[in-house]
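The values are calculated or read from the model by the stated rules, or taken from the named source; none is laboratory data. These figures come from a predicted structure and were not determined experimentally. Please note: Cβ atoms are built from the backbone with ideal geometry, for glycine as well, and neighbour counts cover all protein chains shown.
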Amino acid sequence: MDNASSPTQAPHRAGFACFVGRPNAGKSTLTNALVGTKVAITSSRPQTTRHTVRGIVHRPDAQLVLVDTPGLHKPRTLLGERLNDVVRTTWAEVDVIGFCLPADQKLGPGDRFIAAELAKIKKTPKVAIVTKTDLVDSKTLAEQLLAVDRLGQELGIEWAEIIPVSAVGDKQVSLLSDLLVPLLPKSPPLYPEGDLTDEPEQVMVAELIREAALEGVRDELPHSIAVVVEEMLPREGRPENKPLLDIHANVYIERPSQKGIIIGPKGARLKEVGMRSRKHIEALLGTPVFLDLHVKVAKDWQRDPKQLRKLGF
């Protein structure tokens, strides 16, 4: 008997949800927690996410496809403007929007700016998600939940739900999934069972390298790093039971003076980036990897349309 005609069985639902919020509101961490594995890069630096990563949550009753957008912000560069365009386009195409607001920070102008933009989107249901609840006490959390409710009332947003979660502490993450599913359309699965993202592997690998490169230089080079994977090829002549994947990638920075920061004394910093990212890449691809990294200068790439195109933006 098919789903639709069975009175006891709810119909299968499938659709797209996106998390929005100012930079560093916990969107990527939440995406990874819901999917159960790392599909979006995270960092304590704002503006880490640049590509729209889709994480896929498989459930017996539903398939929830999570679209992880860059944080909406007041743009200062051409890259910033393009990232904002990505966000707005995504909002127009999803079935439900989750607005992430960290519990440990009072609502500010950035939150209001995004909420005002969300208020213009009338048809799409919106869920307010108060993130990082592990960082606050119950009184602070209660005040934040009330503030979020008031913000909705002021701007004419009717929240479908307001839910506190901690992705790091795994608190209420599965409840969030339960609340998002009924807001999706009835539909068979959109992706094959077992798929966790529809990002091309090369993009995922580049993102993992960029995350590792950001790790030690947050303060000096917050947004100046881009990574392009030039080649991913199985090493020839290897026995079948001992495969090796050769990955050649370029790490781009904006100025020659930044090169030393990325490479580090006697190449130690770049070596560390290679070791850290290789571990995640091997886990992602399920195969041993030889990673060849080179640092190159792409002058002021965040402001140059030609360079942005070349680097995939």
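Can you tell me which residue in the range 283-306 is nearest to the chain's Cα centre (by Cα), limited to those that are of a type outside the set (A, V, I, L, M, F, W, C) and closer than 17 Å to residue 210 by Cα? For the range 283-306, the residue satisfying everything is 302. Residue check: residue 295 meets all listed conditions (1) exposed (fewer than 15 other Cβ atoms within 10 Å of the Cβ); (2) not in a helix (DSSP H, G or I) but one, namely (1). Would you check if there is a residue in the range 62-74 being at pLDDT below 95, touching a His at 6+ places or on another chain (Cβ under 7 Å) and surrounded by 14 or more Cβ atoms within 10 Å (Cβ to Cβ)? There is at least one residue in the range 62-74 that is at pLDDT below 95, touching a His at 6+ places or on another chain (Cβ under 7 Å) and surrounded by 14 or more Cβ atoms within 10 Å (Cβ to Cβ).
Can you spot a residue in the range 154-163 that is surrounded by 14 or more Cβ atoms within 10 Å (Cβ to Cβ) and in a helix (DSSP H, G or I)? There is at least one residue in the range 154-163 that is surrounded by 14 or more Cβ atoms within 10 Å (Cβ to Cβ) and in a helix (DSSP H, G or I). Within the range 118-133, being more than 20 Å from the chain's Cα centre (by Cα) and either more than 19 Å from residue 158 (Cα to Cα) or assigned to a helix (DSSP H, G or I) (or both) holds for one residue alone: 119. Counting the residues of the range 250-279 that are among the polar types (S, T, N, Q), touching a residue at least 24 places away in the same chain (Cβ under 8 Å) and in a helix (DSSP H, G or I) gives 2. Residue check: residue 79 meets all listed conditions (1) under 25 Å from residue 167 (Cβ atoms); (2) in contact (Cβ under 8 Å) with a residue 24 or more places away in the chain but one, namely (1).
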